[in-house]
Amino acid sequence: MVKGERGNAMDEEGQLRQAFERLREEERRAAPSFDHVVNRRRPDRLTGRPRIGALGFAAAVALVLLLALAGPRLGRLLTPDGDTGSLAVELQATSTMWRSPTDFLLERPQARAWRGIPAIGRRVLPIVPADPAWRGRTDDSDREDPGGTRS
Amino acid sequence: METRSQARNELETELTRHHQASFGWALSCCQGDEAEAADVLQDAYLKLLDGRARFEGRSSLRTFLFGVIRRTAQERRRKRRLRRAAAWAAGGDSRIGEDPSQAILRSVESARVATALGRLSSRQRQVLHLVFYQDMTIEEAATVMGTSVGTARTHYERGKKRLRTMLGPDEPRW
């Protein structure tokens, strides 16, 4: 720090000290006596007990809300047989039984063949006899005839 | 039994000796609310006189006393907030305990300093008050505030800078 800067800082500190000293004098003049502070009786301002009515009402509202939100779940958990794990088991069972509605898209026609060892001589896949009328049809002929014009 | 009452009397004498400084500190902790400062001071004195806060001589009595006052003010602030929240939840008057207290009559210059101090953060205000108003060292201030010396020093430097900016550099007389 340069000499001038140090001087400025000290000036500032001195001015601050003066300002605080004035403040201190004024506040000390306004200070109540020690005995008055220790022995004073306080109105039920902040230190007093909270108003029971207001607090009780707030607690009751909170309790009702809690029961309304958590009541049904709590009832299931506290079943008469005391088995608090039953809800968990039930949830697990539900999740394993669930099947996706698009599961059938993953099924392959041959999938059935691999489910077990087929007996000798038993057909695994149904053999549909070929339709002789199919041969020679165009693609258009496969479509349905909405008007019923085809004979 | 006699020694007990003797000790209490000695403590009361010491507290009386520091009373005016303690009131100034309580005012600073209560942001200038005189009635609240008196309540805080009474609670702190009773804690000491009843033995709920025990001075064990690890610091000076003044440092210890100021620490008790600071914590008491903090506890009361917290309780007041809870009480307001409860009153608000119950649909009542959430301004419980808000009493437009009669401010101390101050000169214009002191009022200006007090207003500027009120705009500082509580830590900055506290450290500046302890150093400039109570003539404590930064180390003592740190003990009262329950912080490290480094933290107290940082608050001191920043607070001083902000106070200077708020009071204006062109006016030499604050």
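The values are calculated or read from the model by the stated rules, or taken from the named source; none is laboratory data. All figures in this text were calculated on a predicted structure; none of them were measured in a lab. Cβ sites come from the backbone with ideal geometry, for glycine too, and all protein chains shown count toward neighbours.
Residue-by-condition table, conditions (1) small (G, A, S); (2) more than 7 Å from every other protein chain (Cβ to nearest Cβ); (3) within 23 Å of B:A111 (Cβ to Cβ):
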site	(1), (2), (3)
B:S22	yes, yes, yes
B:C29	no, yes, yes
B:A44	yes, yes, no
B:R70	no, yes, no
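When the range B:139-166 is filtered for residues that are within 14 Å of chain A (Cβ to nearest Cβ) and crowded, with 20+ Cβ neighbours inside 10 Å, the ones remaining, listed by number, are B:A141, B:Y156, B:G159, B:K160, B:L163.
When B:L15, B:L41 are checked against the criterion of being touching a residue at least 12 places away in the same chain (Cβ under 8 Å), farther than 19 Å from B:S122 by Cα and in contact with a helix residue (DSSP H, G or I) (Cβ under 8 Å, 6 or more places away or on another chain), a single residue qualifies: B:L15. Of the set (1) touching a helix residue (DSSP H, G or I) at 6+ places or on another chain (Cβ under 7 Å); (2) part of a helix (DSSP H, G or I), all apply to B:R4 but (1).
Considering the conditions (1) at pLDDT below 90; (2) surrounded by fewer than 17 Cβ atoms within 10 Å (Cβ to Cβ); (3) facing chain A (nearest Cβ under 8 Å); (4) under 26 Å from B:T143 (Cα atoms), B:D99 is excluded by exactly one of them, (4). Residues satisfying the criterion are present in the range B:49-59 (criterion: in contact (Cβ under 8 Å) with a residue 24 or more places away in the chain and touching a Lys or Arg at 6+ places or on another chain (Cβ under 7 Å)).
Quick grid of which residues meet (1) over 16 Å from B:R125 (Cβ atoms); (2) surrounded by 22 or more Cβ atoms within 10 Å (Cβ to Cβ); (3) under 11 Å from the mean Cα position of the chain (by Cα):
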residue: B:G32; (1), (2), (3): no, no, yes
residue: B:E36; (1), (2), (3): no, yes, yes
residue: B:G51; (1), (2), (3): yes, no, no
residue: B:T63; (1), (2), (3): yes, no, no
residue: B:R76; (1), (2), (3): yes, no, no
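Residues of the range B:52-71 that are more than 16 Å from B:L130 (Cβ to Cβ) and not charged (D, E, K, R): B:A53, B:F55, B:G57. Scanning the range B:61-96 for residues that are among the polar types (S, T, N, Q) and at pLDDT below 90 yields a count of 1. Cβ-Cβ distances below 9 Å connect the following pairs, each with a first residue in the range A:13-25 that is more than 7 Å from chain B (Cβ to nearest Cβ), a second residue that is assigned to a helix (DSSP H, G or I) and not small (G, A, S), and a separation of six or more residues or different chains: A:E13/B:F132; A:E13/B:K160; A:E21/B:F132; A:E21/B:Y133. Do we find that B:F55 is surrounded by fewer than 21 Cβ atoms within 10 Å (Cβ to Cβ), aromatic (F, W, Y) and part of a loop (DSSP other than H, G, I, E, B) in this structure? Yes; evaluated as a whole, the condition is true for this residue.
Condition test on B:V131, is it at pLDDT 90 or above, in contact with a His (Cβ under 9 Å, 6 or more places away or on another chain) and closer than 26 Å to A:E26 by Cβ?
No: the conditions fail for B:V131.
What are the residues in the range B:1-38 that are more than 23 Å from B:M145 (Cβ to Cβ) and acidic (D, E), if any?
Result: B:E2, B:E10, B:E12.
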